[in-house]
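What follows is a set of notes on a single structure, which appears directly below.
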Amino acid sequence: MSVLKMKLVNIAGPIKKFDEIVLKHIINNDVHLENTNLVLDSIDELIPFMDENIYDSKLFTIEDLNKYFNANVKKLSKKRIVELLEQTNRVHTIDKYIEKTKERIQEHNRAINSYHNSKNEKIQIRNQMMPIIDLDVDIDYLFNLEFIKFRFGKLSVENYRKLKRYLGDLNVVLITNQIEEETVWISYFMPAGIAHKIDGIFESLFFERIKLAGGIKGTPKQVQEMLVKEIDELNTKIEKENSAFSKYIESERVSFQKIYTELSYLQRVDEIKVYAAHTLESFYIMGWVSEQKALEIKKTLSSDLEMMFVEEDASDVQGAKPPTKLKNKKFIAPYEILIHLYGLPEYNTIDPTSFVAITYTLMFGIMFGDVGQGFIFLLAGLFFKFIKKQPIGLIGINIGIVSMIFGGLYGSIFGNEDIIKPLWTSPLHSINTILILSVGMGVFLIITALIINIINKIRTKDYGELFFNKNGLAGFVLYIGAIIFVVYFIITGKPIDSILLMVLFFGIPIVVMFFEKQLTQKLIKAKKKHEEKPSFVEAFFELFEALLGFLSNTISFVRVGAFALNHAGLSLAVWSLYNMSSSAGGKILVVVLGNILIIGLEGLIVGIQSLRLQYYEMFSRFFRTNGRKFVSQNIGKNN
Amino acid sequence: MLIDIIKYSSISTKIKGMFSKLLTEEDYKNLIEKKSVNEVAEYLKNRTSYSDLLSKVNVSMIHRGQLEKVLINQMINDYQKIFHHIRGKVKGFIKLIYDKYEIENLKVIFRILESGESINLKEDSFTFLKDNEGIRISKLMESKNSKQLITNLKGTVYYDVLKDYENSTTFLNLFNIETTLDQYYFFLLLKKEKKLLKAEDEIVVHETLTKQIDIMNLLWIYRSKKYFNMNREEIFNNMLQNKSKLPKEVIRNLVDCKDDKQFLVLAKKTRYSDIFLENNQDSFEENYNHYMYKLNIKYMRNHSYSIGAIISFIHLKELEIGNIISITEGIRYNIEKEDIKQFIAI
């Protein structure tokens, strides 16, 4: 319902207990840490922790290994945290485990690599044999010719390119067998007499020769068969190794996850040291928590005589602004997303979520009143909420229901106004009423916004703005006055003829608003010393803008009615088309397509316009978006 | 065109600002006249854009090495400013400049190791080597020789580039390693240029790159002829990427020259004749710098709304720092003023 009240808790204790306190009370415990060194920078004895985080590199390694395990960090239960704290040589255990796992994975990679390499070689030799497969000559003989030498092997693409530069000038016949991403398989023939020189050139290009003759005996056909068998063998070996490895991964996953989780926790503990400070023997850490949480922490720590615990109210804290955390009932919490789109309210001000929840839903319903189409929104909302499990679906449900209610009032179902009788009136038949009522609603909402702003200013003790600002009491009086004068004129047909009321409602507020800066500086202690000198031209234009703003913001609400009319008009067009089309199929098509168009297009526009009204006409009057986000130290997923 | 002006408007203004702060001919004239490194530093502090960085330094005590470090820091500062103003794919290309320095730093380590010394992190500053993408400096520093250094580079791209040398006693030497790293860098430039740049950007960068590669190749062939007496395959193997403005035939003929004199005769007939005009080989490198300087100035002027301007500015900045270092070295080793002038690219 509101911006959560915060307390600043300060915890101090012996350094050896730091890990325990962080693990038990800070991580996953909704604490927004404040940097102690910045807040208490005047105390010389307190120094920041300067050690490097020894867990960083370990976590880095283990995350790298996690590519094979796909494990998640889990939230540790209280019991497990105690266990973790009781382990005396936890760093050693983790190191040993990482080392062991790394070793095993590397072993696997090495094996797979070597299998793949020799398989690849054999495939290349086999391809090499293809053109001479029908020769009935012993391979051994072929490769040991007297005058021609033959070489087969691979080199890098880069060096292959270099070779190409001068290949034409060498006494070599080069056959390019296959070009892969990084390597090129080639074979070359050369006169035996210059073999030494040519081999030297190829060697300088890091040509890797693969000797065929060594283990190979028989005709090409026989060799071919042998190679195919060997490749098959290698394939089974690779399969075996892979399945053994995945078995290992499966069997090891639980303990890997345990170590991974523990390491993540320990790494975070060290990371949190940045926020803390210490003296020779004790550490000191502070953070913002909700009042309830403060009580909890106090209760558990009070039994421990070594620990010191102090809590401060937000208003007593100097040098740090409390963070804003919104807390709303489940029913309206999804609307917080509309607030976050605009910004985060300042601590201590009113949380506008409930206000938005009501006005947004209501305005959407008024603009988009239709029993059938509202029902579609309701269904979509239900789908998102309960099947996709997304809380935003709730907004869909709400606007769907309200849209259906107004559909009933307007007597509109899927845009058709003939099926049911309106409980109230159809927009197109009472245009003026609709428009005047929407302006009336605007007046009401603007007054509400002004009241919220006045309350906010009292809370933040901004008395200058409270009394003299266009959104403060001055503006409030002016606006109320204007409304009274207009309403009186409409009802009685003649203006109010009282100088006193004119001065009270218009004269005083306008003068006050004009001299806002001077009055603030004179009457209320100026907070900043070097405030720029207020200029009269600026003040005049600001006043002008403020008066215009009241008028335009009020009239802006006409759009609520206008869109209701728009919606009805569009529906009318669809049903006119329906009446014009002759075939039954055409009629259905027109209604279905027309309704899809209305829901898609009109729904989008109305959704945006409602938001627009919230932001421009109301939020700009009371919402200051300089809140700090509440960030807690969370690790892991729920089990 | 219009879109380029919008895309590069902020960076172009920035570059123009920095460009106008580069040292002028007048500045160089004054600097050459200085009698000590301290006076050079003093001048830079009071009269040039280096004042900010030098303001924290006591120039009367400054050492030549320290001055160099300050200059390089200023360069990094400029890069960061440029970086801040670039968006999109182009940023990826500009990033390659860091790779260049990283490679240069690596080369220094190899040089130290090959000369039999051990690495001292405190004395030699490896400004551009950072713990990233697999590079662990502490691990590199443990290397006792080039082979170990290559092994310790495992996990980085440089390992893939150099891995052939890891187990080769015949070819593992400083020359081969440096050449391989250079070849890799230019390969990277050409690859990324094609991938990340478009239209005018691509044309300008490609022009500069191919010209640079050509001249470096020509200088290499010349050196190989004059000093090393290598066979043609080795010469070809050690050339940079073959994306040449010169016809293949011409390159082949140049490689096949029987000595450096014949090479010069042929080289003077190519489009890069400017560089080989004098027969004094010392000046070729300087001519090359001068050529690049003119080229970059041209691109700065004609293509101010393209990445060409950025690249050109970076080249100019590098040349400027090279110039200042040349001047301080010249002063330190008492070289004649006229001779120092020769080493300055303007």
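The values are calculated or read from the model by the stated rules, or taken from the named source; none is laboratory data. Note that the structure is predicted; figures quoted are calculated from it, not measured. Using ideal geometry, Cβ is built from the backbone for each residue, glycine included, and neighbour counts are taken over all protein chains shown.
Considering the stretch A:185-208, and only residues there that are more than 14 Å from chain B (Cβ to nearest Cβ) and within 23 Å of B:Asp160 (Cα to Cα), the residue that is surrounded by the fewest Cβ atoms within 10 Å (Cβ to Cβ) turns out to be A:Ile186. Residue count for the stretch A:387-417, restricted to those that are touching a residue at least 24 places away in the same chain (Cβ under 8 Å) and either of a type in the set (Lys, Arg) or part of a loop (DSSP other than H, G, I, E, B) (or both): 6. Count of the stretch A:94-129 residues, restricted to those that are exposed (fewer than 15 other Cβ atoms within 10 Å of the Cβ) and without any contact (Cβ under 8 Å) to a residue 12 or more places away in the chain, is 11. Of all the residues in the stretch A:173-183, those that are of a type outside the set (S, T, N, Q) and either surrounded by 14 or more Cβ atoms within 10 Å (Cβ to Cβ) or at the interface with chain B (Cβ under 9 Å from one of its Cβ atoms) (or both) number 2. Sub-8 Å Cβ pairs linking a first residue in the stretch A:187-201 that is under 13 Å from B:Glu234 (Cα atoms) to a second residue that is of a type in the set (A, V, I, L, M, F, W, C), at least 6 apart or interchain, are A:Ile198/A:Leu170; A:Ile198/A:Val172; A:Ile198/A:Met190; A:Ile201/A:Leu170, ordered by first then second residue. Out of A:Thr101, A:Thr61, I need the residue that is of a type in the set (Ser, Thr, Tyr), over 30 Å from A:Val228 (Cα atoms) and modelled with pLDDT of 90 or more. Which one? Every option except A:Thr101 fails the conditions.
Of all residues in the stretch B:290-345, those being farther than 23 Å from B:Ser12 by Cβ and either part of a loop (DSSP other than H, G, I, E, B) or among the polar types (S, T, N, Q) (or both) number 11. Going through (1) free of Cβ contacts under 8 Å to residues at least 24 places away in the same chain; (2) touching a Leu at 6+ places or on another chain (Cβ under 7 Å) one by one, A:Arg80 falls short only on (2).
Checked against (1) touching a Gly at 6+ places or on another chain (Cβ under 6 Å); (2) at positive phi, A:Thr324 passes all but condition (2). The residues of the stretch A:133-156 that are surrounded by fewer than 14 Cβ atoms within 10 Å (Cβ to Cβ) and either under 22 Å from B:Glu234 (Cβ atoms) or touching a helix residue (DSSP H, G or I) at 6+ places or on another chain (Cβ under 6 Å) (or both), listed by number, are A:Ile133, A:Leu135, A:Phe147.
How many residues are under 19 Å from A:Met618 (Cα atoms) and surrounded by fewer than 23 Cβ atoms within 10 Å (Cβ to Cβ) if we restrict to the stretch A:358-379? So the answer is 5. Selection of the stretch B:144-168 for residues being of a type outside the set (A, V, I, L, M, F, W, C), away from chain A (no Cβ under 13 Å) and within 26 Å of the chain's Cα centre (by Cα) yields B:Asn145, B:Ser146, B:Lys147, B:Asn152, B:Thr156, B:Tyr158, B:Tyr159. Filtered by the rule that a residue be free of Cβ contacts under 8 Å to residues at least 12 places away in the same chain and not in a helix (DSSP H, G or I), the stretch A:484-513 gives A:Gly493, A:Lys494, A:Pro495, A:Asp497, A:Ser498.
Name the single residue that is surrounded by the most Cβ atoms within 10 Å (Cβ to Cβ) among those in the stretch B:157-189 being outside any helix (DSSP H, G or I) and of a type outside the set (Gly, Ala, Ser). Filtering the stretch B:157-189 for residues that are outside any helix (DSSP H, G or I) and of a type outside the set (Gly, Ala, Ser), the one surrounded by the most Cβ atoms within 10 Å (Cβ to Cβ) comes out as B:Leu172. Of the residues making up the stretch B:253-260, none is over 14 Å from B:Ile221 (Cα atoms) and modelled with pLDDT under 80.
Please verify whether A:Leu435 is within 30 Å of A:Lys5 (Cβ to Cβ) and crowded, with 19+ Cβ neighbours inside 10 Å, treating the condition exactly as stated. So A:Leu435 fails the test. The helices (runs of 4 or more DSSP H) found entirely in the stretch A:133-228 that carry 2 or more residues being aromatic (Phe, Trp, Tyr) are A:157-166.
Residues in the stretch B:244-289 that are of a type in the set (Val, Ile, Thr) and either exposed (fewer than 13 other Cβ atoms within 10 Å of the Cβ) or under 30 Å from B:Ser12 (Cα atoms) (or both): 1 in all.
When B:Ile215 is tested against the conditions (1) of a type outside the set (D, E, K, R); (2) modelled with pLDDT of 85 or more; (3) over 20 Å from B:Tyr291 (Cβ atoms), the lone failure is (3).
From the list B:Lys154, B:Lys192, the lone residue that is modelled with pLDDT of 75 or more and not in a loop (DSSP other than H, G, I, E, B) is B:Lys192.
Summed over the stretch A:597-639, residues that are more than 23 Å from A:Ser438 (Cα to Cα) and not in a loop (DSSP other than H, G, I, E, B) total 5.
Entry remark, the stretch B:204-252: residues being within 12 Å of chain A (Cβ to nearest Cβ) and assigned to a helix (DSSP H, G or I) number 11 in total. Note on the stretch A:141-172: residues that are under 22 Å from A:His196 (Cβ atoms) and more than 14 Å from chain B (Cβ to nearest Cβ) amount to 11. Kindly list the number of the only condition in (1) closer than 14 Å to B:Ile314 by Cα; (2) out of contact with any Leu (no Cβ under 9 Å at 6 or more places or on another chain) that fails for B:Asn77. Failing condition for B:Asn77: (2).
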